[in-house]
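The values are calculated or read from the model by the stated rules, or taken from the named source; none is laboratory data. All of these numbers come straight from a predicted model, not from anything done at the bench. Ideal geometry is used to build each Cβ from the backbone, glycine not excepted, and the neighbour counts take in all protein chains shown.
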Amino acid sequence: DRLLLAPSSGRLHCTAPSRGQEGRTSYRPPFGKSLQLPPIHPPPPVFSGYPAMDVAPRPGAAPPICREMECTAYCSCGYCCNWEWGVPLPGPFYIGFSPKGFPLLLRNRKPCKHRPGALLPPLCRFWTATKLVGAPYYGLTASGAVPVPGTVAADTKFYPFGTSMLIPGYGWGKVEDRGGAIVGPNKIDVYYPSHAEALKWGRRKLQVRILLPDDANEESQIKESQDPRTTD
């Protein structure tokens, strides 16, 4: 809304957009105490960052849960996702490269349970942490999807795959991954496509709005409702 003063006539003009057109109201002096101007409406809050995916709540969906959460950024690099380059050898071994390239380390490897007979290229990536240590790393999330801006990693005991979250400064995200260090209902990781962007975000404590999927099991919903740190 805008207020304009016309010096020649002394009139006070109030203009306000209305359905795409601008409506205008004029007030003549003298201005009495009964003069009431339309309120100035602040713009709606804007969540910067990635718009993420189409995960906004549907009409008629259950009200969201609000919770303070520790939100840490990650990317697909070996430091964030615990993998290293290696050369597979005959038998259950591979030569792993340290971050600086040397020394070369002989490590045990194991087949990927989802691709037990897959042939490995001469140079590939291997897990260095969690229960998957030594298995080939294919760059996919725990749900089998390719991580994209808006991918969220969480403890799926509390937030099953498909849970939508509105994270201030980041936007809408969807739980599609999990991590060994992400334990409990108050920690999540948010995905960025580069390590520089992940470092810029860092780790923040934010009030996150949570929408469980329609097919969330009853146990997860009971845990949410009984947690004293959860508010409507």
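General remarks:
- Residue list for the stretch 183-206, filter: closer than 22 Å to ILE65 by Cβ and either of a type in the set (Gly, Ala, Ser) or outside the structural domain of THR163 (by TED's automatic domain parsing) (or both): GLY184
- Some residue of the stretch 181-195 being among the β-branched types (Val, Ile, Thr) and in contact (Cβ under 8 Å) with a residue 40 or more places away in the chain: yes
- Residue count for the stretch 117-139, restricted to those that are surrounded by 14 or more Cβ atoms within 10 Å (Cβ to Cβ) and out of contact with any Gly (no Cβ under 6 Å at 6 or more places or on another chain): 12
Yes/no matrix, rows are residues, columns are (1) surrounded by 21 or more Cβ atoms within 10 Å (Cβ to Cβ); (2) modelled with pLDDT under 95; (3) assigned to a helix (DSSP H, G or I):
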{"site": "ALA142", "(1), (2), (3)": "no, yes, no"}
{"site": "VAL152", "(1), (2), (3)": "yes, no, no"}
{"site": "GLY162", "(1), (2), (3)": "no, yes, no"}
{"site": "TRP172", "(1), (2), (3)": "yes, yes, no"}
{"site": "GLU176", "(1), (2), (3)": "yes, no, no"}
{"site": "ALA181", "(1), (2), (3)": "no, yes, no"}
{"site": "ILE188", "(1), (2), (3)": "yes, no, no"}
{"site": "GLU197", "(1), (2), (3)": "no, no, yes"}
